[in-house]
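Worksheet: one structure, shown below.
The values are calculated or read from the model by the stated rules, or taken from the named source; none is laboratory data. Computed from a predicted model, the values in this text were never measured in an experiment. Reconstructed Cβ throughout: ideal geometry from the backbone, glycine too, with neighbour counts over all protein chains shown. For accessibility, only protein heavy atoms count, side chains too; no ligands or nucleic acids. Shrake-Rupley method; radii C 1.70, N 1.55, O 1.52, S 1.80 Å.
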Amino acid sequence: MVSSCGGRVSAALQGVERIIIGGKPCIASSRPYQVALVKDGHIHCGGSLVDKKWVLTAAHCNKDLGSVRVHLGDYNLKTNEGTEQIRGVKNIIMHPGYNSHLKDNDFMLLELDEPAELNSNVSTISLATQCLAPGTKCTVSGWGTVTTPEKTFPDELQCADIYSVSKDSCKERYRGSITENMLCAGVEEGGRDACQGDSGGPLVCEGMLHGVISWGTDVCAQRGYPGVYANVCKAVQWVRDTIRDRPT
């Protein structure tokens, strides 16, 4: 049910934000690191809280962030559950190697205007330092569209279980478009994927953040076409250095 944000045109490729396809509502408070970037009352992108003052999301989500509100501890975007913390964006830092055409190094850090108050509903997630082996079970989550190609946006956070795909297999499907800074994940039969609106959100495997939802096919969750994620193990040092070097 999850499909990557910023998908690509045709069964090949071109930048469309993604939602979760083929998933179901997450258990409330089960994803305390999940962030919603909300603009004018609607989901703009997802993200992950990686430090009490920093969110990791996708670089291609960098449009019109001035009016975006960062929702932490949220589950249903249409109701006030009393667990939410709302923050603004103080600073935007793009990965220096980001290529908007290829969506290579599709990473962006957002510094919050006030630190998060960590509790059972809002907490950070650890970054993967080792890259993922093929066939590993992962979970993708977000408030992106749950139907494709038409768009239907859910109120509640959605989750879907998918599996990491070998680099060689993914390169076969997306010829010339997969770099070492990308990770592919899905299910062979299709039907589960991130989709428009999910971009920037987390791919979590074995309790660690391994991927940032990046791109995929325009029609999400197609058989044989896994979603493509920015590969966190390739950017972990940049994330750590950026956070360490910024004055608090």
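Before moving on, here are some points about what is shown:
- Extension gain for the segment Ser67 to Ile92, taken as residue separation times 0.36 nm less the Cα-Cα distance, is 7.7 nm to one decimal.
- Solvent-accessible surface (1.4 Å probe) assigned to Thr124 amounts to roughly 60 Å².
- Length available on full extension from Asn80 to Lys171: 0.36 nm per residue minus the Cα-Cα distance, which gives 28.4 nm.
- For Met182, residues with placed amide H under 5 Å, excluding near neighbours: Asn231
- Gaussian network model of the chain, springs between alpha carbon atoms under 10 Å - residue of Gly66, Gly176, Gly88 with greatest fluctuation: Gly176
- Taken along its three principal axes, the alpha carbon spread of region 114-163 comes to 36, 35, 17 Å, from the longest extent down to the shortest.
- Region 176-228-region 44-117 distance, computed between alpha-carbon centres (Å): 19
- Per DSSP, loop trypsin sites (Lys or Arg not before Pro) in region 65-169 with at most 13 further Cβ within 10 Å: Lys78
- Taking 0.36 nm per residue of separation and subtracting the Cα-Cα distance, full extension of the segment from His101 to Glu189 would add 28.8 nm.
- In the full protein context, region 149-248 carries 42 Å² of accessible surface per residue, based on a 1.4 Å probe and ignoring ligands, DNA and RNA.
- Sum of side-chain charges, Ser164 neighbourhood, beta-carbon under 11 Å (Lys, Arg +1; Asp, Glu -1): +1
- Rounded to whole numbers, the Karplus 3J(HN,Hα) couplings from phi for region 79-94 are 10, 9, 9, x, 9, 6, 10, 10, 10, x, 9, 8, 9, 10, 10, 8 Hz, using 6.51 cos²θ - 1.76 cosθ + 1.60 with θ = phi - 60°, and x at Gly and Pro.
- Dimensionless Rg/Rh of region 158-234 - Kirkwood Rh, Rg from C-alpha atoms: 0.91
- Counting only protein chain heavy atoms and rolling a 1.4 Å probe, the accessible areas of Tyr75, Tyr163 rank, largest first, as Tyr163, Tyr75.
- Figure note: His44, His60 ranked by solvent-accessible area, largest first, 1.4 Å probe, ligands and nucleic acids not counted: His44, His60.
- Within the accessible area of the chain (1.4 Å probe), percent carbon and sulfur: 47
- Compactness ratio for region 138-182: Cα radius of gyration over 2.2 N^0.38 Å (N = residue count) comes to 1.50.
- Calculated SAXS-style log₁₀ I(q)/I(0) at q = 0.07, 0.14 Å⁻¹ - the chain, Debye, Cα scatterers: -0.18, -0.77
- Accessible area, probe 1.4 Å, largest first, for residues Thr145, Thr139: Thr139, Thr145
- For the chain, share of DSSP beta bridges that run antiparallel, in % to the nearest 5: 95
- Electrostatic dipole magnitude of the chain [Cβ: Lys, Arg +1; Asp, Glu -1; Cα centre; debye, to 20]: 340
- With contacts taken as Cα pairs under 8 Å at a separation of at least 6 residues, the chain carries a relative contact order of 31 percent.
- Using θ = phi - 60° and Karplus 6.51 cos²θ - 1.76 cosθ + 1.60, couplings along region 157-169 (whole Hz; Gly, Pro as x): 4, 10, 10, 8, 8, 9, 10, 5, 10, 4, 4, 5, 5
- Exceeding the 20 Å Cα-Cα cut-off - candidates Lys171/Lys234; Lys53/Lys78; Lys39/Lys234; Lys39/Lys151; Lys63/Lys167: Lys53/Lys78; Lys39/Lys234; Lys63/Lys167
- Computed with a 1.4 Å probe on the full set of protein chains, the accessible area for Ser166 sits at about 40 Å².
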